[in-house]
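Data first, discussion second: the structure below is written as structure tokens.
The numbers here are math on the coordinates, done by the rules we state, and not lab data. Bear in mind that the values here come from a model prediction, so they are computed numbers and not experimental data. Cβ placement follows ideal geometry from the backbone for every residue including glycine, while neighbour counts extend to all protein chains displayed.
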Amino acid sequence: MSAFLSGMGIGAGLIIAIGAQNAFVLAQGLRKHHHISVALVCALCDAIFITIGVAGLGALVSENPLWSSIMAWGGAGFLFWYGLSSFRALFSDHSLKHEKAKNRGLKEVLMITLALTLLNPHVYLDTIVLLGGIAAQYSDEQRPFFGMGAILSSFLWFTTISVGAAWLSPYLARPITWKILDFLTGVVMWVVAASLLINLYN
């Protein structure tokens, strides 16, 4: 039980940090657009990576400088493009009603979700390397419980922000709300993109 609770606490501390993935899940929740699917994809990806990390395979990412460099540049490029799209949306007069009319299809939304997840080296660092390294401190019997705690933490977090945002959307369905959301999303995407490149050369 102590390993399970530790996994939940440490997992929550790493997953709840504001990032590109969380910003996208929040935005989709506010739009009530495939938000449950988006949350489940994010949580499932975390579950896979956490399992890999707990199994002791964190070295796949941490000990390969070339792989880390490719991921950092690819992730930064994608996040810059997505952030630019959010800033461009500031100049359109849209509201919740208009957003629903021009929503992306499920396939496109899930592809963006996977890109925001898989092209961000921080995801691998947090789930595989850091959580995997901490899990290694536990015995073979305790390690699976640590991993399950971290996985549960991820599912609870993504479900909460997705459903919570959808519940709040009727109170936030004003054009100014979406302009603020677009601006904050763009800022988060660009900050994360810059941090990827800064960390690469530090």
Per-residue Cβ neighbour rank within 10 angstrom, fewest leading, 134, 112
112, 134
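What list do you get for 108, 141 if you sort them by fewest beta carbons within 10 Å? Spell out each step's value before the answer.
On the way: 108 11, 141 8.
Ordered by Cβ neighbours within 10 Å, fewest first: 141, 108.
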Using Cβ counts within 10 Å as a stand-in for footprinting exposure, how do 148, 1, 111, 189 rank, fewest first?
1, 111, 148, 189
